[in-house]
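Chemist: Sharing a structure with you now.
The values are calculated or read from the model by the stated rules, or taken from the named source; none is laboratory data. Keep in mind it's a predicted model, so treat the numbers as computed, not measured. For neighbour counting, all protein chains shown are included, and Cβ atoms are generated from backbone atoms with ideal geometry for every residue, glycine included.
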Amino acid sequence: MVTELSYYPHSNRHTAIELHRITFEIMKKTTKIAVFAALSLGVAQGALVTEYINGGTGSSTSLAGVHTLGDDTAAGDFWNGGDTGTYLHESARVTGSFSAVVRVVGQSEAASGRWGKAGIMARNSLLPGSSNGMAQLATGNGSQPGGANPVPVRLAGRLFNDGNGGFEDAVGNDGGDISNNVFLTDGGVNVSWLRLDYNDVTNEFTSGFAPDVDGVAGSWAFSGARSDVEDTNSADGWYVGMAYSSHSDMAIGGVEGIHTVSFDNFSISQSQIPEPSTSLLGLGALGFLAIRRKR
C-alpha cells in the first residue's frame, strides 16, 4: 500500500498532527518488516571450546576453518537418557534469536549402523541429560536411502533436563521428507548445509537443510517449529555449536573405534534492531546494525 502525502506551504496545526500520525503508522509497519528481515544478520560470539559430554571418548581438531569431531562407536548417543558425544561450541552462551549454519564436508570412512548423530546443537547446559535442539543428520550406512532403515534429515533433541523427552521432526518440503543421502557408503559425503534457527520470543527451534551449490547453500527445506524444549533461564541463552555422537550400533571395518565427521563454514547470526526513527527523513535512513563472523 502506498500512502500519498501532500505538502501545503501554509499548513495549519491539524495538518501537522495528521502528518505526524501517518508518519508514525509508516514507522510501525517499517519496524515490523525490520524485525523479520533482521533474523538473517548477526554476530557469533567467543572462542570455540570442546566438551566431551558425559565423559565421552572422542576427538576434536580445527584447522584452517575445518572442524573435525570424532566419537567412539562403542558408546555414543544423543537420545533420551543417552547423552554422550563430542561438542565444539561457542564459549559464550548465545542470547536472543539466532540462526546457526554449518556445511558438512567429510567423514573419516564409511560406518555400519544408522543412529550416529551429527549437526548443530543448542543446549540448555553442558550437563548430561540437558534439554537441547539439534539440526541433525544420521550417520552410518543403514541410515542412508537404500539402507536397512533410512532416517530423514530432522530437527531432534530432548525436551527436558532430566534425560527424558526425546523428539524427532523431519525436515521436508512439498515433495515430502528430505532423504539423508549425505554420508555415502563408499566413505565419501555429498557436501550439504545444515541450519538451526531459534526464536527467543516464541522459544521455537527449526531445522533447515540445503544442498551445496558451488560452495554456497542452495534452496533450504525446513522442519516444523518446536516450542516445548525446556529453557530453565531464558535470559542466559543457549550453548550453540557443532556436535557428533556415534552410536553403539555403529562400527568401522567391523570393529569399534573413533569415527569422525568434518564441518566448515560454521557461523552464528543474530541481529540488533534500531529504535524507530522519529522523522520521515529518518525512515529513509533506517538500517540494521549487524556483524557476522564465520569460523
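Chemist: What do you reckon, is ASP249 part of a loop (DSSP other than H, G, I, E, B), among the acidic types (Asp, Glu), modelled with pLDDT under 95 and in contact with a helix residue (DSSP H, G or I) (Cβ under 9 Å, 6 or more places away or on another chain)? So that I can check it myself, show each step before the final result.
Modeler: Numbers: part of a loop (DSSP other than H, G, I, E, B): yes; among the acidic types (Asp, Glu): yes; modelled with pLDDT under 95: yes; in contact with a helix residue (DSSP H, G or I) (Cβ under 9 Å, 6 or more places away or on another chain): yes.
Criteria met by ASP249.
Chemist: Moving to a separate point now. Restricting to the range 217-272, count the residues that are in contact with a strand residue (DSSP E or B) (Cβ under 7 Å, 6 or more places away or on another chain), among the hydroxyl-bearing types (Ser, Thr, Tyr) and surrounded by 19 or more Cβ atoms within 10 Å (Cβ to Cβ).
Modeler: The number of residues fulfilling the criteria is 8.
Chemist: Could you pull out the residue among GLY106, GLY187 that is surrounded by fewer than 17 Cβ atoms within 10 Å (Cβ to Cβ), touching a residue at least 12 places away in the same chain (Cβ under 8 Å) and closer than 19 Å to ALA243 by Cα?
Modeler: Just one listed residue meets the conditions, GLY106.
Chemist: I would also like to ask the following. For GLU204, all conditions in the list (1) without any contact (Cβ under 8 Å) to a residue 40 or more places away in the chain; (2) surrounded by fewer than 16 Cβ atoms within 10 Å (Cβ to Cβ); (3) among the charged types (D, E, K, R) hold save one; what is the number of the exception?
Modeler: It is condition (2) that GLU204 fails.
Chemist: Give the residue that is surrounded by the fewest Cβ atoms within 10 Å (Cβ to Cβ), with candidates limited to residues of the range 65-75 that are within 22 Å of the chain's Cα centre (by Cα) and of a type in the set (Gly, Ala, Ser).
Modeler: Out of the qualifying residues, it is GLY65.
Conditions (1) in contact (Cβ under 8 Å) with a residue 12 or more places away in the chain; (2) more than 21 Å from ALA74 (Cβ to Cβ); (3) small (Gly, Ala, Ser); (4) in a strand (DSSP E or B), marked per residue:
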| residue | (1), (2), (3), (4) |
| --- | --- |
| SER99 | yes, yes, yes, yes |
| ALA110 | yes, no, yes, no |
| ILE120 | yes, yes, no, yes |
| PRO152 | yes, yes, no, no |
| ASP169 | yes, yes, no, yes |
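Chemist: Given (1) more than 14 Å from the chain's Cα centre (by Cα); (2) modelled with pLDDT under 95, where does GLN270 come up short, assuming only one miss?
Modeler: If we test GLN270 against (1) more than 14 Å from the chain's Cα centre (by Cα); (2) modelled with pLDDT under 95, just (1) comes out false.
Chemist: For the range 92-120, which residues satisfy the criterion of being within 28 Å of GLY257 (Cα to Cα) and of a type outside the set (A, V, I, L, M)?
Modeler: Once the filter is applied, which keeps residues that are within 28 Å of GLY257 (Cα to Cα) and of a type outside the set (A, V, I, L, M), the range 92-120 yields ARG103, GLY106, GLN107, SER108, GLU109, SER112, GLY113, ARG114, TRP115, GLY116, LYS117, GLY119.
Chemist: Please enumerate the residues belonging to the range 110-126 that are surrounded by fewer than 19 Cβ atoms within 10 Å (Cβ to Cβ) and at pLDDT 95 or above.
Modeler: Within the range 110-126, SER125, LEU126 meet the criteria.
Chemist: Then there's this: Can you work out which of the residues in the range 127-161 that are among the aliphatic types (A, V, I, L, M) and crowded, with 21+ Cβ neighbours inside 10 Å is farthest from the chain's Cα centre (by Cα)?
Modeler: The qualifying residue farthest from the chain's Cα centre (by Cα) is VAL151.
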